[in-house]
Amino acid sequence: MNGLRLRRAGLVLLGALLVLLAAVAANVIGIRLAGGIDGWQAWLTAHSTHFLAWRLLLYAGTAWGWLWMRRRVLAREPNAGTRRRLLRAELAAVVAVAALELRPYLQAG
């Protein structure tokens, strides 16, 4: 059982590393294609509404998946403790997303 947890943790860590490497590669390629950091920053600013739409779609997909999972968990474990744990996780997720999305506006003002 312990070996299975280590394997899963290793796979999660590997997945996180691959996502990080993909993000770094996308930025390096973008900087080169845009002719420098200033051009890359201007391109990102010009397309910020597209990125907002993409994030909103990701949030909607995540929320749909969460609701699907929540129904399954509550059907399997219909007690008050499970409901409280899910509610805490939901509140934490909403606060985290709100903080990430509002951060640029709070920094600018």
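The values are calculated or read from the model by the stated rules, or taken from the named source; none is laboratory data. This structure is a prediction, so every number in the text was calculated from the model and none was measured. Here the Cβ is made from the backbone with ideal geometry for all residues, glycine too, and neighbour counts use every protein chain on show. Protein only, heavy atoms only, side chains kept; ligands, DNA and RNA dropped before computing areas. Shrake-Rupley method; radii C 1.70, N 1.55, O 1.52, S 1.80 Å.
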Surface accessible to a 1.4 Å probe, per residue, for the residues of the chain, Å²: 85 Å²
Hz values of 3J(HN,Hα) by residue in region 20-31 - Karplus curve (6.51, -1.76, 1.60), Gly and Pro given as x: 4, 5, 5, 5, 5, 4, 4, 5, 5, 5, x, 4
Percent carbon-and-sulfur accessible area, the chain, ignoring ligands, DNA and RNA, probe 1.4 Å: 71 percent
Answer label, with Rg/Rh (Cα atoms, Kirkwood Rh) calculated from the coordinates and candidates (i) 1.07; (ii) 1.09; (iii) 0.91: (ii)
The chain: angle of helix 37-46 to the longest principal axis, Cα-based, in degrees nearest 10: 60 degrees
Backbone HN-Hα couplings from phi across region 55-66 [Karplus 6.51/-1.76/1.60, Hz, Gly and Pro as x]: 5, 4, 5, 5, 5, 5, x, 5, 5, 4, x, 5
Label-point gap, in nm, between Leu33 and Val73 - each point 7 angstrom along Cα→Cβ: 3.8 nm
Given charges at Cβ of Lys, Arg, Asp, Glu: the chain dipole, positive-most of Val19, Thr82, Ala98: Thr82
Potential lengthening between Ala98 and Trp64 on full extension [0.36 nm per residue; Cα-Cα distance subtracted]: 10.5 nm
Acute angle (nearest 10 degrees) that the helix 80-108 long axis makes with the longest principal axis of the chain, alpha-carbon atoms: 10 degrees
